[in-house]
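A short write-up of the structure that comes next.
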Amino acid sequence: MAAVIVQGLGKAFGRKTVLKDVGLDLARGEFFALLGPSGTGKTTLLRILAGLERPDTGTVLAPRRRTTVYQEPRLVQARRVLANVTLGLPRSAREAGLAALAEVGLDGYGDAWPATLSGGEAQRVALARALVREPELLLLDEPFAALDALTRLQMQDLVAELCARHRPAVVLVTHDVDEAVRLADRVAVLREGELAVDRRIDLPHPRQRDDPAFLAHRALFLSHLGVHV
């Protein structure tokens, strides 16, 4: 069953065409990663899927229950952690918010202030805030880019585990080819507003970066990004 259907999507800002005739189908529970140089329309596509931008042409069908996790956690500093997780939800969501914090490894952090959190902890709060809404579509806009290497790997593992458990359709925008191949069921490269390649990653989890099949996928995507190894 399709969770997302995009057909003939086009978007321009003034005279600059950002997306042209993009087509994309995602099934429920499918993890899709989008690579591409800066300025090629990745974030624009994500904003259209989030309902924050309107396409100029084409059709976009996406679930109403959709949430986005950004590179910055975007926490409200004047509210405690639990209040950030349940922001905009009724008071009855308190228990669900506590359960979401426990799921991301922050059991007991509900009364903490955002200023006391590390970068990784703040991103876990942002992830809990997204998951407590039980999204059918989870949009990830370079959510690990600002983290150190070890924390980044830990967050990748956490996201993979939570997405496997909750089964939303996932769209991850990233510049990190290894991250895309490590996490996604499918990886695409957006270049000059079009999907230059869209490839399924049929490798078991957890994926090893020294696996020849992993390295072959990596080399393919790097070549489409203009990097030859």
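We did not get these values from a lab; they are worked out from the coordinates using the rules stated. Treat the numbers as computed from the prediction; the structure is a model and nothing was measured. With ideal geometry, Cβ positions are generated from the backbone for all residues, glycine too; neighbour counts draw on all protein chains shown.
Quick check on packing: order 41-54, 166-179 by the mean number of other C-beta atoms within 10 Å, highest mean leading.
166-179, 41-54
Size of the dipole of region 66-134 about the Cα centre, Lys and Arg at +1 and Asp and Glu at -1 on the beta carbon, nothing else charged, in debye to 20?
280
By the gyration tensor of its Cα atoms, with a ≥ b ≥ c the square roots of the eigenvalues, what is the shape of region 139-229: rounded for a/c under 1.5, prolate for a/b over b/c, or oblate?
Details: a/c = 1.44, a/b = 1.30, b/c = 1.10.
Judged from the Cα gyration tensor, region 139-229 comes out rounded (a/c under 1.5).
Can you classify region 66-134 as rounded, prolate or oblate using the Cα gyration tensor, where a ≥ b ≥ c are the square roots of its eigenvalues, rounded means a/c under 1.5, and otherwise it's prolate if a/b beats b/c and oblate if not?
Numbers: a/c = 1.36, a/b = 1.17, b/c = 1.16.
Taking the square roots of the gyration eigenvalues as a ≥ b ≥ c, region 66-134 is rounded.
Using mean Cβ contacts within 10 Å as the protection proxy, how do 122-135, 17-30 order, highest first? Numbers along the way, then the final one.
Values: 122-135: 22.9, 17-30: 17.9.
Going by the mean number of other Cβ atoms within 10 Å, highest first, we get 122-135, 17-30.
Given the convex hull over the Cα atoms of the chain, what projected area results after averaging over all orientations, in nm²?
The Cα convex hull of the chain, projected and averaged over all directions, gives 13.1 nm².
Counting helices only, and only those DSSP H runs with n ≥ 4, report the 222 nm mean residue ellipticity of the chain as the sum of -39,500 (n - 2.57) divided by its residues, in deg cm²/dmol to the nearest 500.
Roughly -10000 deg cm²/dmol at 222 nm, from the helical runs in the chain.
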